[in-house]
Amino acid sequence: MSSQMMTLSPLDFQEVMERAYRIGELLTGSEEMKRYLESRRRMEQDPEAEAKIASFNRMKEVYEEVQRFGKYHPDYNKVTREIRQKKREMEQVASVAAFKKAEDELDELLYRVSRTIADAVSKSIKVPSNNPLYEMMGGCGSGGCGTGGSCGCSAK
């Protein structure tokens, strides 16, 4: 392959975009998406979840203010403890936990589809993920490559 960047013709680009929209339609109709939407609806209609989320968000504002000064803020330890407690309380609400699980499952599906598309182009393409384990696996695709070749990369 030459070092010049390949450009798709307008017709090829249109086909790629049509297929991308088709993939989007398939994902929209997936069981993961249905569970995500249903769990979000239930969480949004749950008064306990609403109260815990609001409490967490209020505490998050305080936490962000304290973070501006870091460990030097006089309330740093107290606020850090409180934000963790509020987060735990919020995550223990059944509807919030169900939503988080459905969100993670949908995120995993989206990652797998993105990874498959990226790998079809090149194994060295990075694909963002909300799962820190993917980032820790090393290799070019995860951002761990310093082009030293230890990941098997040929970009020397």
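The values are calculated or read from the model by the stated rules, or taken from the named source; none is laboratory data. What you see is a predicted model, and the numbers here were worked out from it, not measured in a lab. Here Cβ is always computed from backbone atoms with ideal geometry, including for glycine, and neighbour counts include all displayed protein chains.
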>> When the residues of segment 23-76 are narrowed to those that are acidic (Asp, Glu) and surrounded by fewer than 13 Cβ atoms within 10 Å (Cβ to Cβ), which ends up farthest from the chain's Cα centre (by Cα)?
In response: 65
>> Please verify whether residue 38 is touching a residue at least 60 places away in the same chain (Cβ under 8 Å) and within 23 Å of residue 101 (Cα to Cα), treating the condition exactly as stated.
In response: yes
>> Checking the structure you have, find out if any residue of segment 22-35 is under 22 Å from residue 92 (Cα atoms) and modelled with pLDDT of 95 or more.
In response: yes
>> Residue pairs, Cβ under 8 Å, 6 or more apart or interchain, first in segment 49-60 and touching a residue at least 12 places away in the same chain (Cβ under 8 Å) and under 16 Å from residue 97 (Cα atoms), second hydroxyl-bearing (Ser, Thr, Tyr) and assigned to a helix (DSSP H, G or I). List them.
In response: 49/95
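Can you give me the number of residues within segment 92-107 that are free of Cβ contacts under 8 Å to residues at least 60 places away in the same chain and surrounded by fewer than 16 Cβ atoms within 10 Å (Cβ to Cβ)?
To start, the set of residues in segment 92-107 that are free of Cβ contacts under 8 Å to residues at least 60 places away in the same chain comprises 92-98, 100, 104, 107.
With the extra rule that they be surrounded by fewer than 16 Cβ atoms within 10 Å (Cβ to Cβ), the set shrinks to 92, 94, 97, 100, 104, 107.
Number satisfying all stated conditions: 6.
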